[in-house]
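Chemist: Can you read through this structure? Questions will come right after.
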Amino acid sequence: MLRPSMVPIVNAMKAYDDRTQVDGQSKVGEEILRSLELEVKRCVKLAVDTIIEDYKKFKASALPANASFEDFVIGTFSRSSTLKLILEQVQEVLQHSNNTQPSSLQVVSSQSTPGDEGELMAKDIPGATWLDDTTFQRHIQEGKINLVIVGADCVLSDGVGVVNKIGTRALAKVCQSSNVPVKCFADRSKLWDDVYPPPLEEIFEFIPLELFECVVVPPSSEQ
């Protein structure tokens, strides 16, 4: 059965079928893989730029000039190789900034039950920690987390929302009611070009677009 997490594979195979009808099989597979890698890099760059802007606004508005430095805390949910790349690059940018201390950024992952992928995510990222889902949401409500970022297994191309790990919708609602921005980052391989979403197993759920502050997908490279 097709799972939402298989959307990039389906899109790659559709592209392969379309291309081989014109160009033959030679090198088409390698070119498609390079294209997927490029799309992830474009997504990561756009996400890093977006988060750095959030960080700059936080630094400019959250502290008086004579205050001691306060950490900017980013919360994550579930486990995503793309989010890992994004957060690592954000850490690198901030650590190389002349006016930024290495400890100025904290990454906290929600445990993400069932499956506990958030624990694995915290182990993937140097210096990150994890909290159980209830405590994580309470920290959001208490203003201890400044920004929440999530990935997507599938972004519906009609603009109505995304499909992601179960628990994302409840988390987004808590963020919205607590005035904490929650942003979704996905590359274009996650776009599902069909009127029907892929079948949802019990571990996946649909999250309406309006629950996110934004869903960030790079524009077509042809634009």
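Chemist: Which numbered condition in (1) aliphatic (A, V, I, L, M); (2) more than 22 Å from Pro219 (Cβ to Cβ); (3) at pLDDT 90 or above; (4) assigned to a helix (DSSP H, G or I) is the only one that Ala47 fails?
Modeler: (2)
Chemist: Looking at the range 116-158, which of the residues that are in contact with a strand residue (DSSP E or B) (Cβ under 8 Å, 6 or more places away or on another chain) and among the small types (Gly, Ala, Ser) is surrounded by the fewest Cβ atoms within 10 Å (Cβ to Cβ)?
Modeler: Ranking the qualifying residues of the range 116-158, first place goes to Gly127.
Chemist: Right, next: If you go through the range 181-194 one residue at a time, do you hit one that is out of contact with any Cys (no Cβ under 7 Å at 6 or more places or on another chain), modelled with pLDDT of 95 or more and crowded, with 17+ Cβ neighbours inside 10 Å?
Modeler: The answer is yes, given that some residue of the range 181-194 is out of contact with any Cys (no Cβ under 7 Å at 6 or more places or on another chain), modelled with pLDDT of 95 or more and crowded, with 17+ Cβ neighbours inside 10 Å.
Chemist: Condition first: under 20 Å from the mean Cα position of the chain (by Cα), modelled with pLDDT of 75 or more, surrounded by 12 or more Cβ atoms within 10 Å (Cβ to Cβ) and not small (Gly, Ala, Ser). Can you find one or more residues in the range 23-36 that meet it? So that I can check it myself, show each step before the final result.
Modeler: Within the range 23-36, the first condition is being under 20 Å from the mean Cα position of the chain (by Cα), and the residues that meet it are 35-36.
Going one step further and asking which of them are modelled with pLDDT of 75 or more, we end up with 35-36.
If we keep only those that are surrounded by 12 or more Cβ atoms within 10 Å (Cβ to Cβ) as well, we get 35-36.
Now narrow it down to the ones that are not small (Gly, Ala, Ser): 36.
Yes, the range 23-36 contains a residue that is under 20 Å from the mean Cα position of the chain (by Cα), modelled with pLDDT of 75 or more, surrounded by 12 or more Cβ atoms within 10 Å (Cβ to Cβ) and not small (Gly, Ala, Ser).
Chemist: Go through (1) touching a residue at least 24 places away in the same chain (Cβ under 8 Å); (2) touching a helix residue (DSSP H, G or I) at 6+ places or on another chain (Cβ under 8 Å); (3) on the phi < 0 side of the Ramachandran plot for Leu131 and report which single condition fails.
Modeler: (1)
Chemist: Could I ask something else about it? Could you list, in sequence order, the residues of the range 159-174 that are touching a strand residue (DSSP E or B) at 6+ places or on another chain (Cβ under 7 Å), closer than 15 Å to Pro208 by Cβ and basic (Lys, Arg)?
Modeler: Selection gives Arg169 alone.
Chemist: Out of Gly161, Gly167, I need the residue that is at pLDDT below 95 and either surrounded by 15 or more Cβ atoms within 10 Å (Cβ to Cβ) or of a type in the set (Phe, Trp, Tyr) (or both). Which one? Talk me through it step by step, then tell me what you get.
Modeler: On the way: Gly167 fails: at pLDDT below 95.
Result of the check over Gly161, Gly167: Gly161.
The values are calculated or read from the model by the stated rules, or taken from the named source; none is laboratory data. Predicted model only: the values in this text are computed from it and were never measured. Reconstructed Cβ throughout: ideal geometry from the backbone, glycine too, with neighbour counts over all protein chains shown.
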